[in-house]
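Below is one structure; the comments refer to it alone.
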Amino acid sequence: MVNIELKNVSKSYGDNEVLQNIELSIEQGSFTAIVGRSGCGKSTLLRIIAKLTQITRGELHFSGKEANDPKIRIMFQDDRLLPWKNIMKNIELGAVNPSVAQESLEKVGLIDKRYDWPDQLSGGQKQRIALARALASHPDILLFDEPLGALDALTRIEMQNLIEELWQQQKFTSLLVTHDVTEAVRLADRVIVIDRGAIQLDERIDLPRPRERNDTFTFHEKKILNQILGV
Ligand SMILES: Nc1ncnc2c1ncn2[C@@H]1O[C@H](COP(=O)(O)OP(=O)(O)O)[C@@H](O)[C@H]1O
Ligand SMILES: [Mg+2]
């Protein structure tokens, strides 16, 4: 498990300064959601943390137990499964060992699909497999880049519940990029709004889990939405 620390981080693509002087500390084992308009730099922030892209200025540090070599995984909107490998083989790819692969397939409720091909599964099932594959690597940090964006409403709620349950069991540090404010408030301890290259709101969500859509919930939702919309 690790803490993530961004100090004065800026990222430009040519003349386009996407992120400016970002100061952000993320506690190990916490669940943070990142929201904001399309193109505001959410994916860029995840890619920085995953060390998939270099920062232009500033520093990125990890601290804590596995700080030297944190295991970081990203889940995307598309499942990125290998179509020529069956489900079990897909999960075994990143798994710490085969029995963990089996175990994580059980956790997402799809052990009976282990010899199927990715093409035989629905979109929601494929995302479950992608989640199982990420979990089987025992990540310290799990980054979600709108992983539920293409799912229907019901499947989405099931996946949210599953992510919450597995996060509570395995205690990896979670960062979820989503355009769905309700999803952010349902899952996160903290919701960050990015706009014009900077963190405009850092909202703590201190509600018991599993969360219900009560007055406090909708208060947070409105505050975050208003910040995004600039009203
Ligand atoms: N590889 C890249 N090369 C050039 N510009 C990029 C690249 N990746 C992202 N950008 C630009 O950075 C900005 C933020 O992109 P992104 O982080 O993907 O936004 P979001 O995920 O919030 O929709 C956009 O203006 C986008 O065009
Ligand atoms: Mg994005």
Among strands (runs of 3 or more DSSP E) completely within region 97-212, the ones holding 1 or more residues that are modelled with pLDDT of 95 or more and closer than 19 Å to residue 81 by Cβ are 141-145
Checked pairs for region 123-146, first over 19 Å from residue 180 (Cα atoms) and open to solvent by less than 10 Å² (accessible area, probe 1.4 Å), second basic (Lys, Arg) and part of a helix (DSSP H, G or I), C-beta under 8 Å and 6 or more apart or across chains, list as 129/113; 132/107; 135/107
Here the qualifying pairs (Cβ atoms under 8 Å; residues six or more apart or on different chains; first in region 34-62 and under 14 Å from residue 4 (Cα atoms); second in a helix (DSSP H, G or I) and not hydroxyl-bearing (Ser, Thr, Tyr)) come out as 60/48; 60/49
The one condition residue 110 fails out of (1) within 22 Å of residue 43 (Cβ to Cβ); (2) open to solvent by less than 60 Å² (accessible area, probe 1.4 Å); (3) not polar (S, T, N, Q) is (1)
Restricting region 151-207 to residues that are in contact with a Gly (Cβ under 9 Å, 6 or more places away or on another chain) and of a type in the set (Ser, Thr, Tyr), the one farthest from residue 35 (Cα to Cα) turns out to be 155
Restricting region 63-77 to residues that are assigned to a loop (DSSP other than H, G, I, E, B) and either of a type in the set (S, T, N, Q) or within 12 Å of ligand 1 (Cβ to nearest atom) (or both), the one farthest from residue 5 (Cα to Cα) turns out to be 77
Residue pairs qualifying under the 6 Å Cβ cut-off, at least six apart or on distinct chains, with the first in region 83-109 being touching a residue at least 60 places away in the same chain (Cβ under 8 Å) and the second being outside any helix (DSSP H, G or I) and open to solvent by 30 Å² or more (accessible area, probe 1.4 Å), are none
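The values are calculated or read from the model by the stated rules, or taken from the named source; none is laboratory data. Computed from a predicted structure; not experimentally measured. Counting neighbours? That spans all protein chains shown, and the Cβs are built from the backbone with ideal geometry, glycine included. Only protein heavy atoms, including side chains, enter the accessible area calculation; ligands, DNA and RNA are left aside. Shrake-Rupley method; radii C 1.70, N 1.55, O 1.52, S 1.80 Å.
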